[in-house]
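Remarks on the structure that follows.
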Amino acid sequence: MKRILIFLMALVTLAVTTPVANARRSIMELPPFERAVLIIKHFETLHQLKHRPYYGYGHRILPGEHFPQHRPLTEKEADALLRKDLNKFIALFSDFKKSDALLLGVLSYNIGPGAVKKSSVYRKLKAGDRNIFKAYTAHCNYKGKFHKGLYKRRCQEFVTLFTP
């Protein structure tokens, strides 16, 4: 019995010290911008040609933009487009502190900057009110109905990106 216990302890120790176990890192170890990119990628997924007018990770094709008609974007192309869009949205809120601009930029990526600028989240942060959880998670409706997946997304964004 003692040999089996020692064998199991050695096996557990080996499993914990392997590079694969160490490769799993917490999202909180990443810089906030990288956290935001991962969250968007997780919830948007890589859109295919049938999802037009959305391309890449939820990028809405704007008038005058041209993308390949015969193939979806590669992961690398979609990642670059996502980062460009997210930086553009964050820049719209440059008068806020950096962490708030990131949170508003992430929300803009999903619901649009016009809706964000009309939101109670925007007004509260502008007024210095940090009690925004309820207002932030209120943006989880799809086609006029509550959407559990959007609520999960808002909660994850809030927990990983908001600095009280």
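The values are calculated or read from the model by the stated rules, or taken from the named source; none is laboratory data. In this text, all values refer to a predicted model and were calculated from it rather than measured experimentally. FYI the Cβ positions are ideal-geometry reconstructions off the backbone, even for glycines, and counts take in every protein chain you see. Ligands, DNA and RNA are stripped out before the accessible areas are found, and what is left, the full protein with its side chains, is counted by its heavy atoms. Shrake-Rupley method; radii C 1.70, N 1.55, O 1.52, S 1.80 Å.
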Taking N as the number of residues in the chain, what is its Cα Rg relative to 2.2 N^0.38 Å?
1.33
Residue pairs, from the table K76/K134; K41/K145; K84/K134; K76/K145; K50/K118, whose Cα atoms sit over 25 Å apart:
K76/K134; K84/K134; K76/K145; K50/K118
Which shape class, rounded, prolate or oblate, goes with segment 109-164 when its Cα gyration tensor gives a ≥ b ≥ c as root eigenvalues, a/c under 1.5 marks rounded, and past that a/b bigger than b/c marks prolate?
oblate
Is the C-alpha gyration tensor of segment 39-131 telling us rounded, prolate or oblate? Criteria: a/c under 1.5 is rounded; beyond that, a/b larger than b/c is prolate, otherwise oblate.
prolate
Quick one: length gained pulling V159 to R83 fully straight, 0.36 nm per residue minus the C-alpha distance?
25.3 nm
Protection proxy ranking, peptides 54-60, 112-118, 69-75, average beta carbon neighbours within 10 Å, highest first:
54-60, 112-118, 69-75
Based on the mean of other beta carbon atoms within 10 Å per residue, what is the order of 39-48, 125-134, 96-105, most packed first?
96-105, 39-48, 125-134
Under a 1.4 Å probe, counting only protein heavy atoms, Y142 has an accessible area in Å², nearest 10, of 130 Å²
hull vol. (C-alpha, convex hull) per residue for segment 35-82, Å³ -> 70 Å³
